[in-house]
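Only one structure is covered here, and it is reproduced in the block below.
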Amino acid sequence: MIGFLRGSVHEIFEDSVILDVGGVGYELTLSKNSLVEMGLGEAIEFYVYTHVREDQFSLYGFLSKTEKQLFLSLLKVNGIGPKMAIQVLSGAPLDRIIGFISEGDVKGLTTLPKVGKKTAEQMILSLKGKLVMDEPMSAVIKSPVKDQIQSALVNLGFKALDVEKLVAEMDEKIDVQDGIRKGLQILSNQN
C-alpha cells in the first residue's frame, strides 16, 4: 500500500497527473480542486489511496490529509466508489462539502456532481456527526473575510496553496483590505 508520493509533476491530464518519483511515473487521479493547484515540473507531495480490484490498480492523490479523510469517509457511504468520491470532491471546496453534510443540507449536496437526492440523504445518514478530521476544522472552515482575502490573492495570480497557508495564519480579526495588503507584501517577497 502506498501512503504518500513525493516527486515532480511530469504530465497533467483532465482528471489525473503523472508524478515522476525517482524516474518512475505514477498516474494519480485527483479532484479538480487539486489539479488547479499545480504546474508542470513542480515538486509536490500527495497523500495516496490505493484502490485494488481484480482487474484494476488505481492510485488517488490528495494534497491534504483532510481531503483524503473526506474521500475515505465518502467511500463508506453505500453506493459511492472511488471515482464518484473524487467527482464529489471536485464539485466544491472541502469546507463547503463538510458543511453540507454536517448541516444535513440535502439540496446543497445535490449540487455536487453525480449526487442525487437519495445519495445526498445517504451521505447525511452515514456521515453527519461522524466526520473527524486530523487537521483542525479551523484550517478547513474559514471565515467569510478570510475567504475574500484568499480569493483576491488567488485572482492576483498567486498559487492557491501558498495563499491558503498564509491566510490560515492570519489573525481572525483582520479586515479584507489589511489582509490583501499583508498577503501581497508577504507573497511578493517569496518570489
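Every number here is computed from the coordinates shown, using simple stated rules; none is lab data. Values in this document were obtained by computation on a predicted structure and should not be read as measured data. For neighbour counting, all protein chains shown are included, and Cβ atoms are generated from backbone atoms with ideal geometry for every residue, glycine included.
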- Task: Would you calculate, for the chain, the mean residue ellipticity at 222 nm contributed by helices, counting each DSSP H stretch of 4 or more residues as -39,500 (n - 2.57) and dividing by all residues, to the nearest 500?
- Result: -13500 deg cm²/dmol
- Task: Please identify which residues in segment 9-35 have an amide N closer than 17 Å to a label point set 7 Å out from the Cα of Arg96, following the Cα→Cβ vector.
- Result: 31-35
- Message: Of Val48, Asn78, Ile98, which is farthest towards the positive pole of the chain's charge dipole, taken about the Cα centre with +1 and -1 on the beta-carbons of Lys, Arg and Asp, Glu respectively?
- Response: Asn78
- Total formal charge among the other residues, if their Cβ is under 14 angstrom from that of Lys114, Lys/Arg +1 and Asp/Glu -1: +3
- Query: Taking the alpha-carbon centroid of each part, what is the distance from segment 105-123 to segment 23-53 in angstrom?
  - Reply: 26 Å
- FRET efficiency (Ala168, Glu45; Cβ distance; R0 25 Å; to 0.05) is 0.90
- Query: If you place +1 on the Cβ of every Lys and Arg and -1 on the Cβ of every Asp and Glu, how big does the dipole about the Cα centre of segment 1-120 come out, in debye to the nearest 20?
  - Reply: 620 debye
